[in-house]
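The values are calculated or read from the model by the stated rules, or taken from the named source; none is laboratory data. Quick caveat, the model's predicted, so the values are computed rather than measured. Because the Cβ atoms are built from the backbone with ideal geometry, glycine has one as well, and the counts that use them run over all protein chains shown.
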């Protein structure tokens with residue numbers, strides 16, 4: 001009986017924790033990214049993501065594989081709010097997540113450029129900017 005009770009409690013905790021991973025909070029952004037992209041040295045596939053504020057210096061990007069990726073960021077300011085979006089730097093077929101902006105805010109979060117992105121920029125690869133808006 002005790003073993004059955006422990007198994008039941010463990011199963012309930014697993015279901016509760018996996019359900020909470022997909023939940024959103026105010027300020028979270030749900031977005032469908034139509035291309036694979038690089039963040040924190042990992043290439044994430046095209047797909048549905050939730051971008052969450054983790055703390056003042058990090059965001060968390062959650063896709064189909066919780067717990068997601070924790071990303072170091074720094075504060076950024078723009079002159080006017082242009083709506084919520086993810087901003088990517090593109091070099092050829094490679095996209096790097098660059099910034100996260102939220103509607104109504106002139107402040108947002110920028111990511112630090114990775115070694116790979118800095119190397120592409122240093123080699124004078126053509127950089128383009130791509131914006132992805134959240135789901136309505």
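Touching a strand residue (DSSP E or B) at 6+ places or on another chain (Cβ under 6 Å), touching a residue at least 40 places away in the same chain (Cβ under 8 Å) and either over 16 Å from residue 132 (Cα atoms) or surrounded by 14 or more Cβ atoms within 10 Å (Cβ to Cβ) (or both): is that true of residue 77 in this structure?
Spelling it out, it is not the case that residue 77 is touching a strand residue (DSSP E or B) at 6+ places or on another chain (Cβ under 6 Å), touching a residue at least 40 places away in the same chain (Cβ under 8 Å) and either over 16 Å from residue 132 (Cα atoms) or surrounded by 14 or more Cβ atoms within 10 Å (Cβ to Cβ) (or both).
Here's the yes/no breakdown for (1) over 24 Å from residue 27 (Cβ atoms); (2) over 12 Å from the mean Cα position of the chain (by Cα); (3) at pLDDT below 95:
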position: 53; (1), (2), (3): no, no, yes
position: 68; (1), (2), (3): no, no, yes
position: 73; (1), (2), (3): no, no, no
position: 90; (1), (2), (3): yes, yes, no
position: 118; (1), (2), (3): yes, yes, yes
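Being in contact with a strand residue (DSSP E or B) (Cβ under 9 Å, 6 or more places away or on another chain), in a loop (DSSP other than H, G, I, E, B) and surrounded by 12 or more Cβ atoms within 10 Å (Cβ to Cβ), is that true of even one residue in segment 114-128?
Yes: one or more hits.
Just give me the residues in segment 90-102 being assigned to a loop (DSSP other than H, G, I, E, B) and touching a strand residue (DSSP E or B) at 6+ places or on another chain (Cβ under 9 Å), in sequence order. Break it down stepwise before answering.
Taking segment 90-102 and keeping what is assigned to a loop (DSSP other than H, G, I, E, B), we get 92-93, 102.
Listed by number, the list holds a single entry, 102.
Restricting attention to segment 6-22, does a residue exist that is in contact with a strand residue (DSSP E or B) (Cβ under 6 Å, 6 or more places away or on another chain), assigned to a loop (DSSP other than H, G, I, E, B) and modelled with pLDDT under 95? Give the steps one after another, and end with the answer.
If we filter segment 6-22 for residues that are in contact with a strand residue (DSSP E or B) (Cβ under 6 Å, 6 or more places away or on another chain), which is where we start, we get none.
No; the residues of segment 6-22 include none that is in contact with a strand residue (DSSP E or B) (Cβ under 6 Å, 6 or more places away or on another chain), assigned to a loop (DSSP other than H, G, I, E, B) and modelled with pLDDT under 95.
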